[in-house]
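Every read-out reported here was derived from the displayed coordinates using simple, explicitly stated rules and does not represent laboratory data. Just so it is clear, the model here is predicted, and its values are computed rather than measured. Methodologically, a virtual Cβ is constructed for each residue, glycine included, from the backbone with ideal geometry; neighbour enumeration extends over all protein chains shown.
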Amino acid sequence: MLRPVSATSSEVTQLIRQWQAGEADALDRLLPLVYADLRAMAARLLARENRQATLQPTALLHDVFVRLLGGGRVDIESSAHLFNTAGRMMRHILVDRAREAGAEKRGGDWQRVDLVDALQLPIPERTHLGLLDEAIDELEQIDARLARIVELRYFVGLSVAAIARIMDVDKRTIYRDWAFARAWLGRHMQR
Amino acid sequence: MDGETLERWRRAREAFGTLIDLPTDARAARLAAIGSGDARLAADLAALLAQVGELVDETDGAEAAAEPVAQRAGTVIGGRFRLLGLLGIGGMGEVHLAERTDELDRKVALKLVRSDLPIPVARARREQQILARLSHPHIAALVDAGIGDAGQPWFAMEYIDGARITDWCDRRSLDLPARARLFARVCRAVQFAHRNLILHRDIKPSNILVDAEGEPRLLDFGIAKLLDGTDAQQTQTLAFTPAYAAPEQLRGEPATTAGDVYQLGLVLYELAAGVPARRAHEVARARADDDTPLPRVDQAFGALTVQAPDGADRIARERGLGVERLRRSLRGDLGRIVAKATAADPRERYDTAQALAEDLERWADGRPVAAHRGTFAYRLRKLVRRHRVATAIIALLALGLVASTLFAVHRAAEEREQRRQAEAAGRRADQQRQRAEILLGFMNDMFRQADPQNADGVEPTATQMLERAATALEARTDLDAVTHAALLTQVADTFNSLFLPGRAADSAQRAVNLLEPERERRSGEYLMSVGILLDALQMLDRSDAQLALVEHALPIAARTEEPAIWSSLLLKFRGAARCSRGDFPGCAADLREALQRIEGAPGARPAGVASTLHQLAVLLNDEGYPAEAVRLLRQALDALDRDPAALRADRETMRVNLANSLAAQGRADEAITLIEKGLAEPLGLYGSDAPFVEAMLRRSLARAKVLRGEYAQARELLAAPSGAMPADHPGLPRHFSHSHLVAARIALDLADPAAALAEVEDARRQVATESDAGATLLQLRVEIVHADALLRSGRCDLALPRWQAARERLDASIGATPSWIGAEISDGLGRCALAAGDTARAESAFTAAIAGFASATGEASPWTVRSRIHRLWAQAMASHDAALLDRLDEARGALAEALGGSARAQVWQTDLLIETLSSELRVPLDRSRAERADQARAAFTALTGRPVAFRDGLTGFN
């Protein structure tokens, strides 16, 4: 459900308020906007020749983060910070949704959250988001960067190259990390 | 995780990183080395490696691959091939240039497959044999193959000295059609392999080379298949390049020809837009309502023009175009071909690689492509996004198969109710949403089963599909009554719009039964089902059932949110039922009441108003008030124009009726224009009714042509074969009856009363089988024509009682209001009176006729003028006043004007009348009158082949 990033900030503000007031619908409409912005930023990052780490988030994203991360001033110092936060946020939101949706069904079957489909996130089919969530927590213990990579890859949908650029780390390294993370997750979640 | 485990995994991570970069053999060795020092670590690593078959990331392509291994040159493989040098590394392994040890000049490309899974030797050999048999000019031949020492297969293929297809096209700046044709050859090669049951599964630009002769050559056929595990359940996909994999492949589903087609589509994508599909995502975000994960080629290229204008420029030049031209070309059919090949759902792609080839060739030739059609499922799925019943309904309306104006009316109420429920309890809202999803999913499945390649129009597929849906519905036990009823109603409505009222009635009746117990709580849904059932019953002419149902449902209308609209609808159907039973006053009263209620009601859709107007107009026309019918129909058509949800079929039916009414007023030219327009439209939207509608249109046209004196054309139209009309079509007898009447009129015009009598007999016979009283009006017309024919045969003695009986029946049916039929009867009685010499009686009869015709068809209509001529004739016979001849001249002019020309039977008859009267009145024949009379005689002789004299008045018009 990607929409062009032409939402006015008032619309977004409205959506955020609605969401906080408990309207699940509002999140449906908000997330794609956020997501689209994130992807756009990542694309711009990739297109840059210089590796300037700082990137001004759009007003939209700033708004969203400020509110979603619970009031107060949030200083986004770097794009890394922004994206890491975003990755974590998306992960929590999506996992929560899956949990809710699952709770309603008989037997607590988790279903692929429709938002995952709508945002075309590259999470493999039949992935149990709850297990994935726990697994990422464990992966984080091995190395926090691994967890961030997985979040950015699965929950923000960024490419390895984009992730590398964001983290300002050599692409080959990220590639290896991603390979390891996937292998580890694959093995860990098979049980 | 405890500290020890953590440490273990950290070490594993380090080692893993280095292992990943090594080629297979070295990796195995390294692993072994590790194992000798730390068995646990080695085990962990092995477990990890087992997870990872292909390490090329989706978006990074070959960049992340391992370093090339240079030390292989000189090795002999399989005892007969010597490696000469590395050509490249792909997802599957290394490709070396090699030569045969026994023939130094024969070069091959030798592929050493790297795989983490051991392949059963027997299977490998079997596959190799299959591949060896694949002999095609565009497929690189397999020269030899074997199993290496470590159990890994190797393949020696024809060495193709060529460039990648993408590079080759770019270097020659091949334009798009040339690329399409070249690629079509590639597709046909793939088709050949498919026919031999071999899948490629790793189609990508680097596997398609173009040799020095410009022939494309496909590499690596079937190798991917060989290397895949035997296990279809394995979710990890193996030996192919994920960047070029089809979505279902990535999900681990077994590969199919559709997967190959997808991959072909991706290569085509790159050939067309210059942007590899995998990069397309980064270049252009997918649009909100696009169902494919892949942006359209024109979008991808368009985004590139913004982000990297130089690159875009170059790409365009490599296709011999400017940037804008290229983008436009990509937006057209070529873009659609790509989209169809790369559809996310394999069922929506081209069935075969050959189909893709053919479409490409068609495109290159400038012919229409197949990729255009079959977008039901696409469009419907897009609408799944928003979970509201209203959206589901919009989806159906958009597809144009759901008729109901009723539905349109109901939606407002439904929406309001929806909102209320949503506010009341979230749980209810969820139910509604679920229902919408079920509904939409249901329709989705229905449409998905339809053959998207169907080029013959919507109808056959829709019918089959609906029937399947109806059957499927019966089997469902999981639905609550309301949802079940909603689905049944949808199906019924669609059947109605396809003119299959029998099936519609079945489904609708079941829906009504389901909702019966809850009809007061769920009044809106109940009445909607009732409305659809009534629609079907009307088409089936089951007026008893209609009346009963309306009586039962009327009280419920009061319980709804819009009682005026619902009661209006029910009254409309009751009126129609009454008409069927011959209760015309009751019918008219109900219809007028319905009209009044709906015109005042807020929220009434114009289509609902139009439908009521239409119903009333039809009645009025039948009764013989075409002028008013015309007025109402024009209003109705205007209303329909204002309603975007209006079904075209309704509009067309109204137009036909308007044409008939215009013809009944004598406005032949206008009628003809309308009808010809109607005939020019594709009649597919009438579904199975199309042959019937066409026949009716022809008959109307014939009638109008008769008015213009175009007898030959009229006869042709009447004689046209009835096509594929089912013999039991309910409207057939009346249609035939009308047709015979038109033929009878032609015969009378051409002074052949005997033939007319025969036609009348046929007309009567057709309508005598009609049991319902609604045929009354038609039977009356038959009687009138019959009487006219008798009069012209000189049998007033037989004609008179007929007319009198007809008059009595008419009074009983529609009352004494002056009408066309009544006027026609009067005119006939007048002529008989005149033939008997009773000029006084004749004059008063004609006066009544004039009044009737004037009110029903207009002052200047042919009928009115004709009766005036008759009256003048009667007056002349009575008074012998020569001045009346002049008035007759005037009237003759008025008649010619009314008929749109003087080359008309009635005008000639008038000329002959004037001549006869002249001599009767002993007035010397004026020159011009004599000329006209001569011409009239000549014209008749030409038309009929025999001399004709004036007698017994002007023939009527139908």
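Whole Å is fine, so just give me how far the alpha carbon centre of the stretch B:1-52 lies from that of the stretch B:837-898.
112 Å
Can you check what the net charge comes to around B:LEU87, using other residues whose Cβ is under 10 Å from the Cβ of B:LEU87 (Lys, Arg +1; Asp, Glu -1)?
Net charge around B:LEU87: 0.
Under 15 Å from a label point 7 Å along Cα→Cβ of B:LEU921: give me every residue in the stretch B:927-958 with its amide N that close.
B:927-930
Length gain on complete extension for the stretch B:GLU518 to B:THR847, per 0.36 nm per residue less the alpha carbon to alpha carbon distance? Walk me through the numbers before you get to the answer.
Values: separation 329, 0.36 × 329 = 118.44 nm, distance 6.01 nm.
Contour length minus the Cα-Cα distance gives 112.4 nm.
Give the calculated FRET efficiency between B:ALA903 and B:LEU732 to the nearest 0.05, with a Förster radius of 25 Å applied to their Cβ-Cβ distance.
The formula returns an efficiency of 0.15 here.
Given points 7 Å out from each Cα along the Cα-Cβ axis, report the B:ALA758 to B:GLU716 separation in nanometres with one decimal.
So the two model labels end up 2.3 nm from each other.
For B:10-19, what's the mean count of beta carbons from other chains sitting within 10 Å of each residue's beta carbon?
Per residue, the number of nearby Cβ atoms from other chains is 4 on average.
Residue separation times 0.36 nm, minus the C-alpha to C-alpha distance between B:GLU561 and B:THR471: what's the value?
So the extension gain works out to 29.1 nm.
How well do other chains shield peptide A:166-178, expressed as the mean number of their Cβ atoms within 10 Å of each residue Cβ?
Shielding by partners across A:166-178 averages 3.
Report the label-to-label distance for B:SER173 and B:SER793 in nanometres (one decimal), using points 7 Å from each Cα along the Cα→Cβ vector.
8.6 nm
For B:ARG100, what charge total do you get from the other residues with a beta carbon under 9 Å from its beta carbon, if Lys and Arg give +1 and Asp and Glu give -1?
-1
Which order do the peptides B:920-932, B:260-272 take when ranked by the mean count of other beta-carbon atoms within 10 Å per residue, highest first?
Per-residue Cβ counts within 10 Å, averaged per peptide and sorted highest first, yield B:260-272, B:920-932.
Roughly how many nanometres apart are two label points built 7 Å out from the Cα toward the Cβ at B:ARG951 and B:VAL306?
A separation of 8.7 nm, rounded to one decimal place.
Would you mind getting me the FRET efficiency between B:ALA878 and B:ALA548? Use the beta-carbon distance for r and R0 = 60 Å, nearest 0.05.
With R0 = 60 Å, the Cβ-Cβ based efficiency is 0.55.
For an R0 of 30 angstrom, estimate the FRET efficiency from the Cβ-Cβ distance between B:ARG331 and B:ASP638 and round to the nearest 0.05.
Numbers: r = 37 Å, r/R0 = 1.24.
Efficiency, from the Cβ-Cβ distance: 0.20.
In whole Hz, with x marking every Gly and Pro, tabulate ³J(HN,Hα) for the stretch B:918-935 from phi via Karplus 6.51 cos²θ - 1.76 cosθ + 1.60, θ = phi - 60°.
For the stretch B:918-935, the Karplus curve yields 3, 6, 4, 7, 6, 9, x, 6, 4, 4, 5, 5, 5, 4, 4, 5, 4, 4 Hz.
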